[in-house]
Amino acid sequence: MFKLALFVSGRGSNLKAVYDKVPKEKVNICAVICDKKDCGAVQFAVEKSIPAFFVSSKKENGFFDFDEIAQRLKFLSIDLIVLAGFLKKIPDFFVLEFENKIINIHPALLPSFGGKGMYGMNVHQAVFDSSAKVSGATVHFVDKIYDNGMIILQKAVDISDLKSAQEIADRILKIEHELLPFVVEKFADGKVLIENNSVIIAD
Ligand code: GRF
C-alpha cells in the first residue's frame, strides 16, 4: 500500500479531494500535519480518523518540531508528502531528507505568480491585476526555494470571462481538485518518472 502524508494549514478542500478521489485500496492517508490546532483540514482528518499531528518551529505545547515530524514520517515509511495549502516554509533539512518525495499544489501556472508571499488570494489577485487571460494549477516537486521545484503537471483554463480574483479562485480550485488526486494516484502507480531533469507521467 502506498503511504501518503499531507501538510495543511486551512480549509482542507484539497485534502478532501485526495481522500474522496484516490482509490483507498491503492493509497493510505497515514497522517495529516498541520500548523494550526483548529482548521477545516484538521476537522476533516478527525472526522475520517486520519491521525493528525501539529507542527511548529517554536517549542509549543502539543506541537512537534520539523525534526520530530520527519522522524515520525520515516517511522511510518511514508512514500509521498503532499503540501496541500501548507503555508509554512519547509526547512531545508526536511526537503533534503525527503528528496523528490514532497510535492505541492500551487493555484497558478508556475513559474509565473509564484514565490514568497504568493499564496491564497494573493495569487489570484495578482493574476487578476495582470489581466492574464489564462490561469491554472501546478503540481510540482518541492525544493529549497518557494514554488521552484520541477513541474510535474499543470492545467490551464480560460479566465477571460471572469470579473474578480474571487471568481478566478473558484474556477482554479476546481482544477486543483482534479489535478492533485490524479497526480497522487500516478505516484502510487509508480508512473511519475524523473528523466533528464524533467518529469514524465507515464500512461
Ligand atoms: C489551494 O488553493 C492550494 O493551491 C494552495 O492553498 C489552497 C489550499 O486550499 N496552496 P485548501 O485548504 O486545500 O482548501
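The values are calculated or read from the model by the stated rules, or taken from the named source; none is laboratory data. What you are looking at is a predicted structure, and each value in this text was computed from that prediction instead of being measured. Neighbour counts run over all protein chains shown; Cβ positions are idealised from the backbone, glycine included. We work out accessible area using only protein heavy atoms, side chains counted, and drop any ligands, DNA or RNA first. Shrake-Rupley method; radii C 1.70, N 1.55, O 1.52, S 1.80 Å.
I want to check the label-to-label distance for S164 and K89. Put each point 7 Å from Cα in the C-beta direction and report it in nm to one decimal. Taking the simple label geometry, S164 and K89 are separated by 3.3 nm. Here the chain yields Rg over Rh of 0.95, to two decimals, using C-alpha coordinates and the Kirkwood radius. Within the chain, antiparallel bridges make up roughly 45 percent of the DSSP beta bridges whose residues both belong there. Would you mind telling me the share, in percent, of accessible area of the stretch 1-70 contributed by carbon and sulfur at probe 1.4 angstrom? Roughly 50 percent, rounded to a whole number.
Relative contact order for the chain: what percent, with Cα pairs under 8 Å and sequence separation of 6 or more? Write out the running numbers ahead of the final one.
Working: 381 pairs, mean separation 39.6, N = 203.
About 20 percent, as a whole number.
Annotation: for a label point projected 7 angstrom from Cα along Cα→Cβ of K144, residues of the stretch 80-118 with backbone N closer than 15 Å are 90-100. Between K74 and D129, the FRET efficiency estimated from the beta carbon spacing at R0 = 45 angstrom works out to 0.60.
Across the stretch 16-128, C-alpha contacts under 8 Å between residues 6 or more apart give a mean separation that, scaled by the residue count, equals a relative contact order of 16 percent. Of the whole protein surface, K186 contributes about 30 Å² of accessible area at a 1.4 Å probe radius.
Rolling a 1.4 angstrom probe over the protein heavy atoms, how many square angstrom per residue are accessible across the chain? Write down the numbers at each step before the final one.
Details: 10130 Å² over 203 residues.
Computed with neighbouring chains in place, this is 50 Å² per residue.
Please list, in order, the residues from the stretch 95-138 whose amide nitrogen is less than 11 Å from a point placed 7 Å along the Cα→Cβ vector of L173. Of the residues in the stretch 95-138, 121 have backbone N under 11 Å from the label point off L173. Annotation: extensible slack from K26 through S57 equals 7.9 nm (criterion: 0.36 nm per residue apart, minus Cα-Cα distance). Mean residue ellipticity at 222 nm, helices only, the chain: -10000 deg cm²/dmol; runs of at least 4 DSSP H residues each add -39,500 (n - 2.57), and the sum is divided by the number of residues.
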